[in-house]
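To keep things clear, I will list the structure first and then write my remarks on it.
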Amino acid sequence: MTRETDAFSAYHPMINFTFFFGAFVCGMFFMHPVFLVCSVVFAALYYLSIRGRRGWRYLFGMVPLFVFLSIINPLFNTYGAHVLFTYFHGRPYTVEALGYGMTIAAMVVTIFLWFASYNAVMTSDKFMYLFGRFVPSVSLIFTMVLRLIPSYHKKTEQIRGARRGIGMAADTGTTQEKVRQGMTILSAMMSWALEGGIVMADSMKSRGYGCSKKRTNYALYRFAARDKVMLGVMAALLAVIAWCGMRGGAAAAYTPVFFMAGNFHTVIGVTAYALFLAIPAVINFTEDIIWHILRSKI
(Lines give C-alpha, C1' and ligand atoms only; values in the text may rest on other atoms or scores of the structure.)
Protein backbone atom coordinates (compact mmCIF):
# COMPACT_ATOMS: atom_id res chain seq x y z
CA MET A 1 0.00 0.00 0.00
CA THR A 2 1.36 3.43 -0.95
CA ARG A 3 0.31 7.00 -0.41
CA GLU A 4 -1.58 8.27 -3.44
CA THR A 5 -1.02 12.03 -3.05
CA ASP A 6 1.67 14.34 -4.36
CA ALA A 7 3.13 16.35 -1.47
CA PHE A 8 4.75 18.91 -3.75
CA SER A 9 1.41 19.78 -5.37
CA ALA A 10 0.15 20.81 -1.92
CA TYR A 11 2.44 23.84 -2.03
CA HIS A 12 1.21 27.20 -3.30
CA PRO A 13 0.59 27.32 -7.08
CA MET A 14 3.30 29.97 -7.38
CA ILE A 15 5.83 27.44 -6.05
CA ASN A 16 4.65 24.75 -8.45
CA PHE A 17 4.70 27.08 -11.45
CA THR A 18 8.11 28.54 -10.57
CA PHE A 19 9.64 25.10 -10.37
CA PHE A 20 8.23 23.87 -13.67
CA PHE A 21 9.12 27.13 -15.40
CA GLY A 22 12.73 26.77 -14.25
CA ALA A 23 12.81 23.08 -15.17
CA PHE A 24 11.39 23.74 -18.65
CA VAL A 25 13.71 26.65 -19.43
CA CYS A 26 16.85 24.91 -18.18
CA GLY A 27 15.86 21.67 -19.87
CA MET A 28 15.50 23.41 -23.23
CA PHE A 29 18.75 25.41 -23.13
CA PHE A 30 21.33 23.32 -21.27
CA MET A 31 23.16 20.98 -23.66
CA HIS A 32 25.98 19.99 -21.32
CA PRO A 33 25.93 16.17 -20.88
CA VAL A 34 26.09 16.31 -17.07
CA PHE A 35 23.24 18.81 -16.91
CA LEU A 36 21.22 16.63 -19.28
CA VAL A 37 21.78 13.56 -17.13
CA CYS A 38 20.52 15.49 -14.10
CA SER A 39 17.47 16.61 -16.07
CA VAL A 40 16.50 13.12 -17.22
CA VAL A 41 17.17 11.43 -13.88
CA PHE A 42 15.28 13.88 -11.69
CA ALA A 43 12.43 14.28 -14.17
CA ALA A 44 12.00 10.49 -14.16
CA LEU A 45 12.24 10.30 -10.36
CA TYR A 46 9.60 12.93 -9.86
CA TYR A 47 7.30 11.34 -12.42
CA LEU A 48 7.65 7.99 -10.67
CA SER A 49 7.00 9.61 -7.28
CA ILE A 50 3.68 10.84 -8.71
CA ARG A 51 2.57 7.83 -10.74
CA GLY A 52 4.23 5.02 -8.83
CA ARG A 53 4.47 1.72 -10.66
CA ARG A 54 2.14 2.99 -13.38
CA GLY A 55 4.83 5.47 -14.40
CA TRP A 56 7.26 2.78 -15.56
CA ARG A 57 5.19 2.15 -18.68
CA TYR A 58 5.51 5.78 -19.74
CA LEU A 59 9.24 5.79 -18.98
CA PHE A 60 9.81 2.66 -21.05
CA GLY A 61 7.90 4.33 -23.86
CA MET A 62 10.47 7.14 -23.85
CA VAL A 63 13.30 4.72 -24.66
CA PRO A 64 12.31 4.09 -28.32
CA LEU A 65 11.79 7.83 -28.78
CA PHE A 66 15.26 8.54 -27.40
CA VAL A 67 16.87 5.90 -29.62
CA PHE A 68 15.00 7.07 -32.73
CA LEU A 69 15.89 10.74 -32.28
CA SER A 70 19.51 9.85 -31.50
CA ILE A 71 20.20 7.71 -34.55
CA ILE A 72 18.25 9.82 -37.03
CA ASN A 73 20.17 13.07 -36.45
CA PRO A 74 23.46 11.89 -38.07
CA LEU A 75 21.46 11.02 -41.19
CA PHE A 76 20.83 14.72 -41.75
CA ASN A 77 23.83 16.21 -39.94
CA THR A 78 27.14 15.04 -41.42
CA TYR A 79 29.42 17.36 -39.43
CA GLY A 80 32.12 15.74 -37.32
CA ALA A 81 35.71 14.58 -37.38
CA HIS A 82 35.24 10.94 -36.36
CA VAL A 83 33.39 8.83 -38.94
CA LEU A 84 31.74 5.63 -37.75
CA PHE A 85 30.74 4.45 -41.23
CA THR A 86 29.60 5.77 -44.57
CA TYR A 87 26.37 5.23 -46.51
CA PHE A 88 24.74 6.42 -49.72
CA HIS A 89 27.96 6.72 -51.73
CA GLY A 90 30.25 8.03 -49.00
CA ARG A 91 27.90 10.08 -46.81
CA PRO A 92 29.53 10.06 -43.32
CA TYR A 93 27.83 8.97 -40.10
CA THR A 94 29.89 10.73 -37.42
CA VAL A 95 30.32 10.35 -33.67
CA GLU A 96 29.85 14.06 -33.10
CA ALA A 97 26.51 14.08 -34.95
CA LEU A 98 25.41 11.04 -32.96
CA GLY A 99 26.32 12.80 -29.72
CA TYR A 100 24.36 15.85 -30.80
CA GLY A 101 21.39 13.63 -31.65
CA MET A 102 21.53 12.04 -28.20
CA THR A 103 21.58 15.52 -26.69
CA ILE A 104 18.47 16.59 -28.60
CA ALA A 105 16.78 13.31 -27.72
CA ALA A 106 17.55 13.77 -24.02
CA MET A 107 16.15 17.30 -24.12
CA VAL A 108 12.93 16.09 -25.78
CA VAL A 109 12.50 13.23 -23.30
CA THR A 110 13.12 15.60 -20.40
CA ILE A 111 10.49 18.06 -21.61
CA PHE A 112 7.99 15.24 -22.09
CA LEU A 113 8.59 13.96 -18.55
CA TRP A 114 8.32 17.42 -16.99
CA PHE A 115 5.20 18.12 -19.03
CA ALA A 116 3.59 14.88 -17.85
CA SER A 117 4.32 15.86 -14.25
CA TYR A 118 3.11 19.39 -14.93
CA ASN A 119 -0.28 18.10 -16.09
CA ALA A 120 -0.62 16.15 -12.84
CA VAL A 121 0.39 19.05 -10.57
CA MET A 122 -0.62 22.31 -12.25
CA THR A 123 -4.37 21.82 -12.52
CA SER A 124 -6.56 24.26 -14.40
CA ASP A 125 -7.77 25.95 -11.22
CA LYS A 126 -4.17 26.62 -10.15
CA PHE A 127 -3.27 28.16 -13.50
CA MET A 128 -6.42 30.26 -13.50
CA TYR A 129 -5.68 31.35 -9.94
CA LEU A 130 -2.25 32.65 -10.97
CA PHE A 131 -3.04 34.29 -14.30
CA GLY A 132 -6.82 34.61 -14.53
CA ARG A 133 -6.84 38.15 -13.17
CA PHE A 134 -4.11 39.44 -15.47
CA VAL A 135 -4.76 37.73 -18.81
CA PRO A 136 -8.15 35.99 -18.49
CA SER A 137 -8.63 35.16 -22.18
CA VAL A 138 -5.11 33.80 -22.65
CA SER A 139 -5.36 31.85 -19.40
CA LEU A 140 -8.61 30.24 -20.47
CA ILE A 141 -7.27 29.29 -23.91
CA PHE A 142 -4.02 27.92 -22.46
CA THR A 143 -5.93 25.89 -19.86
CA MET A 144 -8.19 24.43 -22.54
CA VAL A 145 -5.20 23.52 -24.72
CA LEU A 146 -3.45 21.74 -21.85
CA ARG A 147 -6.49 19.58 -21.17
CA LEU A 148 -7.02 18.60 -24.81
CA ILE A 149 -4.80 15.50 -24.81
CA PRO A 150 -6.16 13.80 -21.65
CA SER A 151 -9.78 14.72 -22.42
CA TYR A 152 -9.46 13.63 -26.08
CA HIS A 153 -7.88 10.34 -25.05
CA LYS A 154 -10.66 9.66 -22.55
CA LYS A 155 -13.40 10.52 -25.03
CA THR A 156 -11.76 8.41 -27.75
CA GLU A 157 -11.69 5.40 -25.44
CA GLN A 158 -15.38 5.92 -24.67
CA ILE A 159 -16.29 6.02 -28.37
CA ARG A 160 -14.12 3.01 -29.15
CA GLY A 161 -15.69 1.07 -26.29
CA ALA A 162 -19.20 1.92 -27.46
CA ARG A 163 -18.46 0.90 -31.05
CA ARG A 164 -16.71 -2.25 -29.88
CA GLY A 165 -19.91 -3.19 -28.05
CA ILE A 166 -21.85 -3.16 -31.33
CA GLY A 167 -19.13 -5.03 -33.22
CA MET A 168 -17.70 -2.04 -35.07
CA ALA A 169 -14.31 -1.68 -33.37
CA ALA A 170 -11.44 -0.05 -35.23
CA ASP A 171 -8.96 -2.81 -34.34
CA THR A 172 -10.75 -5.72 -36.01
CA GLY A 173 -11.57 -6.67 -39.58
CA THR A 174 -9.70 -5.99 -42.78
CA THR A 175 -7.39 -3.03 -43.30
CA GLN A 176 -10.08 -1.17 -45.24
CA GLU A 177 -12.61 -1.75 -42.45
CA LYS A 178 -10.14 -0.59 -39.80
CA VAL A 179 -9.46 2.61 -41.74
CA ARG A 180 -13.17 3.25 -42.23
CA GLN A 181 -13.99 2.67 -38.55
CA GLY A 182 -11.02 4.81 -37.51
CA MET A 183 -12.17 7.68 -39.71
CA THR A 184 -15.64 7.40 -38.18
CA ILE A 185 -14.15 7.75 -34.69
CA LEU A 186 -12.03 10.68 -35.85
CA SER A 187 -15.08 12.39 -37.36
CA ALA A 188 -17.00 11.92 -34.10
CA MET A 189 -14.10 13.34 -32.12
CA MET A 190 -13.84 16.42 -34.33
CA SER A 191 -17.59 17.06 -34.03
CA TRP A 192 -17.41 16.63 -30.25
CA ALA A 193 -14.42 18.97 -29.99
CA LEU A 194 -15.99 21.72 -32.11
CA GLU A 195 -19.30 21.48 -30.29
CA GLY A 196 -17.54 21.52 -26.92
CA GLY A 197 -15.54 24.60 -27.88
CA ILE A 198 -18.67 26.49 -28.93
CA VAL A 199 -20.53 25.50 -25.77
CA MET A 200 -17.57 26.49 -23.61
CA ALA A 201 -17.20 29.87 -25.34
CA ASP A 202 -20.92 30.66 -25.02
CA SER A 203 -20.94 29.54 -21.39
CA MET A 204 -17.96 31.68 -20.40
CA LYS A 205 -19.29 34.68 -22.34
CA SER A 206 -22.69 34.45 -20.65
CA ARG A 207 -20.95 34.45 -17.28
CA GLY A 208 -19.07 37.62 -18.13
CA TYR A 209 -15.64 35.99 -18.16
CA GLY A 210 -12.98 38.52 -19.15
CA CYS A 211 -15.47 41.40 -19.12
CA SER A 212 -16.21 41.87 -15.43
CA LYS A 213 -13.90 44.10 -13.42
CA LYS A 214 -13.36 41.65 -10.59
CA ARG A 215 -13.65 37.89 -10.50
CA THR A 216 -13.30 35.25 -7.83
CA ASN A 217 -11.38 31.98 -7.94
CA TYR A 218 -12.57 28.43 -7.53
CA ALA A 219 -9.94 27.72 -4.90
CA LEU A 220 -8.18 29.98 -2.42
CA TYR A 221 -4.52 29.34 -1.69
CA ARG A 222 -2.64 30.73 1.25
CA PHE A 223 1.01 31.67 0.80
CA ALA A 224 2.30 30.07 4.01
CA ALA A 225 5.69 30.32 5.68
CA ARG A 226 6.93 27.12 4.04
CA ASP A 227 6.04 28.57 0.65
CA LYS A 228 8.10 31.68 1.36
CA VAL A 229 11.07 29.56 2.39
CA MET A 230 10.72 27.31 -0.66
CA LEU A 231 10.43 30.28 -3.02
CA GLY A 232 13.58 31.80 -1.53
CA VAL A 233 15.50 28.53 -1.90
CA MET A 234 14.36 28.05 -5.49
CA ALA A 235 15.17 31.65 -6.41
CA ALA A 236 18.65 31.33 -4.92
CA LEU A 237 19.35 28.07 -6.77
CA LEU A 238 18.09 29.51 -10.06
CA ALA A 239 20.30 32.56 -9.57
CA VAL A 240 23.35 30.33 -9.02
CA ILE A 241 22.46 28.24 -12.08
CA ALA A 242 22.07 31.35 -14.24
CA TRP A 243 25.34 32.82 -12.97
CA CYS A 244 27.26 29.62 -13.68
CA GLY A 245 25.66 29.38 -17.11
CA MET A 246 26.69 32.93 -17.99
CA ARG A 247 30.23 32.17 -16.79
CA GLY A 248 30.47 29.26 -19.23
CA GLY A 249 29.93 26.43 -16.78
CA ALA A 250 27.26 24.79 -18.98
CA ALA A 251 28.99 25.35 -22.32
CA ALA A 252 29.08 22.38 -24.69
CA ALA A 253 29.53 21.85 -28.43
CA TYR A 254 29.21 18.69 -30.49
CA THR A 255 29.93 19.63 -34.09
CA PRO A 256 32.27 19.86 -35.82
CA VAL A 257 34.44 19.07 -32.74
CA PHE A 258 33.17 17.88 -29.37
CA PHE A 259 33.72 20.27 -26.47
CA MET A 260 32.43 20.09 -22.89
CA ALA A 261 33.13 22.66 -20.18
CA GLY A 262 34.61 21.32 -16.97
CA ASN A 263 35.59 23.98 -14.49
CA PHE A 264 34.64 25.46 -11.13
CA HIS A 265 31.48 27.02 -12.51
CA THR A 266 30.45 23.67 -13.98
CA VAL A 267 30.70 21.94 -10.59
CA ILE A 268 28.76 24.68 -8.81
CA GLY A 269 26.18 24.89 -11.58
CA VAL A 270 25.56 21.14 -11.70
CA THR A 271 25.27 20.99 -7.91
CA ALA A 272 22.73 23.83 -7.82
CA TYR A 273 20.89 22.37 -10.79
CA ALA A 274 20.64 18.94 -9.19
CA LEU A 275 19.43 20.44 -5.91
CA PHE A 276 16.80 22.48 -7.72
CA LEU A 277 15.45 19.57 -9.78
CA ALA A 278 15.47 17.26 -6.76
CA ILE A 279 13.13 19.48 -4.71
CA PRO A 280 9.77 17.88 -5.63
CA ALA A 281 11.05 14.29 -5.63
CA VAL A 282 12.75 14.77 -2.25
CA ILE A 283 9.56 16.27 -0.83
CA ASN A 284 7.49 13.33 -2.07
CA PHE A 285 9.91 10.63 -0.93
CA THR A 286 10.29 12.31 2.47
CA GLU A 287 6.51 12.37 2.86
CA ASP A 288 6.38 8.69 1.87
CA ILE A 289 8.93 7.77 4.53
CA ILE A 290 7.08 9.75 7.20
CA TRP A 291 3.77 8.22 6.10
CA HIS A 292 5.16 4.67 6.37
CA ILE A 293 6.67 5.39 9.80
CA LEU A 294 3.40 6.78 11.13
CA ARG A 295 1.42 3.94 9.59
CA SER A 296 3.71 1.34 11.21
CA LYS A 297 2.91 2.81 14.63
CA ILE A 298 -0.85 2.32 14.24
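The values are calculated or read from the model by the stated rules, or taken from the named source; none is laboratory data. Owing to the predicted nature of the structure, the values given are computational and were not obtained by experimental measurement. No Cβ is skipped: glycine too gets one built from the backbone with ideal geometry, and neighbour counts run over all protein chains shown.
Please go through (1) hydrophobic (A, V, I, L, M, F, W, C); (2) in contact (Cβ under 8 Å) with a residue 60 or more places away in the chain; (3) not in a loop (DSSP other than H, G, I, E, B) for VAL240 and return the number of the only condition it doesn't satisfy.
For VAL240, the exception is condition (2).
Return yes when THR255 is of a type in the set (S, T, N, Q), under 16 Å from PRO33 (Cβ atoms) and touching a Phe, Trp or Tyr at 6+ places or on another chain (Cβ under 7 Å) and no when it is not.
Numbers: of a type in the set (S, T, N, Q): yes; under 16 Å from PRO33 (Cβ atoms): yes; touching a Phe, Trp or Tyr at 6+ places or on another chain (Cβ under 7 Å): yes.
Spelling it out, THR255 is indeed of a type in the set (S, T, N, Q), under 16 Å from PRO33 (Cβ atoms) and touching a Phe, Trp or Tyr at 6+ places or on another chain (Cβ under 7 Å).
Which numbered condition trips up ILE15, out of (1) within 16 Å of the chain's Cα centre (by Cα); (2) buried (at least 20 other Cβ atoms within 10 Å of the Cβ); (3) not basic (Lys, Arg)?
Answer for ILE15: the failing condition is (1).
Go through region 245-298 residue by residue and tally those that are out of contact with any Lys or Arg (no Cβ under 9 Å at 6 or more places or on another chain) and not in a helix (DSSP H, G or I).
Qualifying residue count, region 245-298: 18.
Quick one: in region 39-57, which of the residues that are farther than 17 Å from ASN284 by Cβ and under 14 Å from the mean Cα position of the chain (by Cα) is surrounded by the fewest Cβ atoms within 10 Å (Cβ to Cβ)? Step through it out loud before you land on a result.
Residues of region 39-57 farther than 17 Å from ASN284 by Cβ: 39-40, 57.
Of the ones still in play, those that are also under 14 Å from the mean Cα position of the chain (by Cα) are 39-40.
Details: SER39: 25, VAL40: 20.
That would be VAL40.
Name the residue, out of GLY22, GLY61, GLY90, GLY55, that is modelled with pLDDT under 90 and touching a helix residue (DSSP H, G or I) at 6+ places or on another chain (Cβ under 8 Å).
Numbers: GLY22 fails: modelled with pLDDT under 90; GLY61 fails: touching a helix residue (DSSP H, G or I) at 6+ places or on another chain (Cβ under 8 Å); GLY90 fails: touching a helix residue (DSSP H, G or I) at 6+ places or on another chain (Cβ under 8 Å).
From the options GLY22, GLY61, GLY90, GLY55, the qualifying one is GLY55.
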